[in-house]
Every structure is written in structure tokens, then in C-alpha cells.
Amino acid sequence: MWNMRFTPPVVIEARELTRLPESLRNARENPWSSANKPGHRIDSFLEGPAFDRAGNLYVTDIPYGRIFRIDAALNWELVAEYDGWPNGIAIHADGSLWIADYRRGILRLDPRSGTLDAPLGHRNSEGFKGPNDLTFDAAGNLYFTDQGQTGLHDPSGRVYRLAPSGRLDRLLDNVPSPNGLVLDKDEAFLYTAVTRANSVWRGPLLPDGSLSKVGAFRTFFGASGPDGLAMDADNRLVVAHASLGGAFLVEANGDVTHFIRSPMGGTVTNIAYRPGTSRLVMTESASGTILEAELPAPGAALFSHRAPA
């Protein structure tokens, strides 16, 4: 059942915006693809779309440790290439790119110089399982998922919050594959995509910053599950699904009202609103393509577009 009106979701057809140029593709075996896409020689796996204040779109290429910038004219530029597996990107109000890197923890990239540093490479000298995605709240607290290879067989994935002071709080430690995450408009609830359980969890944030009464907000089906998340200005959640060929628009009560359909492959992983607009971009990772669609409302305001303190 999609919604309490007992009607199918309205289908919004996405279109191809741009794709990774052939000159930047070089299919070969590598450790990431051997573990995550066994038997496949892949030339890229794009995720982590994020817009800066100038309107440039940044994406990651996980297996080859690359960060790309795509300008308004859809020109692709390699900003950084390093020994890591970058996944999600969240842009700070100061313009720096914070990266959830599966191998190296939480990294920070200066997009002007390409310089990388590691604000958080471990917790109490213990390495992370494998960070996946991240988001800032209005106060500059960084929420991120530590997914690793967790799933229903090993429900030990974690969700953390890193304060600007450096304090690190573990909010959840029992998640079977935590992936994308986003806060609602009022920052009263934290939504987490739980890929291997094929669901999205919703947790009320208490005044002391802890989570309570976390529950399954919406469940799905398919060979994979929910991946990237985004919030619109009307407090509706957008859920990218990595095996159903698109993304779902979900009301605050859990009703699914729209489905944004990919015109090509089904591996729709990450999503982001173009700031100040109702245009949503999606990464179709299997083909190395960026898709775009017009949704009913603009995206919620982001920390990246607030004036630096």
C-alpha cells in the first residue's frame, strides 16, 4: 500500500542532465569493485551529489577515489584524486567539502586547492566500519553513517554526530546497513536509510541531542534498498532506491505520493536539490549519469548556503 488514498504514486520522468565523459572512464578491476560488484569491470560509480554556493555540482567516484566538479555549462573537472573510497559529500558553510570515505573516515577537501585533511579518521583509536553518508544541521553539527558491510546478518551499523567542538556522540549502533541521512525542516527528527532492511528509520531528537523511540518510518522492497535521502521545503522526504530505478517522494505521515523514474539504469543511489529550486538531481551510478527532474516543491535550506559565522 503506497498511501491512505489507495492510489498509485504520480510518476515524474527524470531526464539525463550529463554523464561522465568517456575521457574520464577506464574500466578495470580494483579492490572496491571486487568486493561490491564482483565479476564486473566498472569505469566509475558516482555518488554524493552536492551543490556549492556558486551552483557547481560535486560528485564522488567511489572506486577510483575521485571528486569531480560540474559547472553550469556541464563541464566536468577533476578536483581531487587520492587513495580512498569517497562516498557522500556535505558542504560546510565555509565552502569546504566534507566527505564520508569508506576507507579513511571523515575527510575535508578545500575545493580551490584540492587539499585534503582528515578531521575524523577514527574513534578512540578504533577505525570505523566504513562511513557512507553525512549531513550538517543548522548549528554545524555533522551527522554521518558508519555502514561497513553490515546488514540483517550483522545489525551493527552506526550513526554518529560530530560537534564543531570535536565532541563525537554515537546515536545508534544497531542499524543493518545505515546509508543516507537527513534532518526534517525543524531538526526534530533524524531520518536514516537502512539499505539492507529496505526501510527508512525515523528518530525523534531529544533536547539533549540523543535519539529516542526510533521506528521504521517507511518500508520498501527490492534487491537493494533506500540509499540517499533529501528533504523538501514542505517537510517531504525524497528516498533514492538503489534497485527500483528511481526515487520516492514521501509525505511526513509516510504516504508515497510521487515516484521519480530513471530513464536508464535502476541504480539510483544519491540525490540532491539544486538550492533554491524544485529541481532534483540523482546519480544513476551504474551508467555514470546525472539525472534531473522537477518536483512539486523546492528543497529545504542547507547549512552550505548559510553565511559563515
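The values are calculated or read from the model by the stated rules, or taken from the named source; none is laboratory data. The shown structure was predicted, so the numbers you read here are calculated from the model rather than taken from an experiment. Counting neighbours? That spans all protein chains shown, and the Cβs are built from the backbone with ideal geometry, glycine included. Heavy atoms of the whole protein, side chains included, go into the accessibility calculation; ligands, DNA and RNA do not. Shrake-Rupley method; radii C 1.70, N 1.55, O 1.52, S 1.80 Å.
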query: So which trypsin sites (Lys or Arg not before Pro) in the range 190-224 end up in coil per DSSP with only 13 or fewer other C-beta atoms within 10 Å?
result: Lys213
The range 148-242: chymotrypsin sites (Phe, Trp or Tyr not before Pro) falling in loop per DSSP and having at most 14 other Cβ within 10 Å: Phe221
message: Could you work out the relative contact order of the chain? I mean the mean sequence separation of Cα pairs under 8 Å and 6+ apart, divided by the number of residues, in percent.
response: 17
message: With every protein chain left in place and a probe of 1.4 Å, what is the accessible surface of His40, to the nearest 10 Å²?
response: 110
query: Once the other residues with Cβ under 11 Å from the Cβ of Leu116 are scored (Lys, Arg +1; Asp, Glu -1), what is the net sum?
result: -3
message: Could you report the accessible area of Val214 in Å², rounded to 10, computed with a 1.4 Å probe on the protein chains as they sit in the structure?
response: 60
query: Gap in Å between the Cα centre of the range 1-71 and the Cα centre of the range 243-261?
result: 19
- prompt: For the range 179-194, what does the Karplus curve 6.51 cos²θ - 1.76 cosθ + 1.60, with θ = phi - 60°, yield as ³J(HN,Hα) per residue in whole Hz, taken in order and with x for Gly and Pro?
  reply: 10, x, 8, 7, 9, 6, 4, 8, 6, 9, 9, 10, 9, 10, 6, 10
task: With a 1.4 Å probe and every protein chain left in place, tell me how much accessible area Asp184 has, in Å² to the nearest 10.
output: 10
query: Of the accessible area of the chain, with the probe set at 1.4 angstrom, what percent is carbon plus sulfur?
result: 48
- prompt: How far is it, in nm, from the label point at Asn30 to the one at Arg306 when both lie 7 Å from their Cα along the line to the Cβ?
  reply: 3.4
message: Please list Ser34, Ser96 from largest to smallest accessible area, probe radius 1.4 Å, with all protein chains kept in place.
response: Ser34, Ser96
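Before I look further, what does the chain give for accessible area per residue, probe 1.4 Å, in whole square angstrom?
On the way: 12830 Å² over 309 residues.
For the chain, the per-residue accessible area is 42 Å².
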Neighbourhood charge, 15 Å Cβ-Cβ cut-off, centred on Gly203 and excluding it, Lys, Arg +1 and Asp, Glu -1: -1
query: Extension gain Ala163-Asp117, at 0.36 nm per residue separation less the Cα-Cα distance, in nm?
result: 14.8 nm
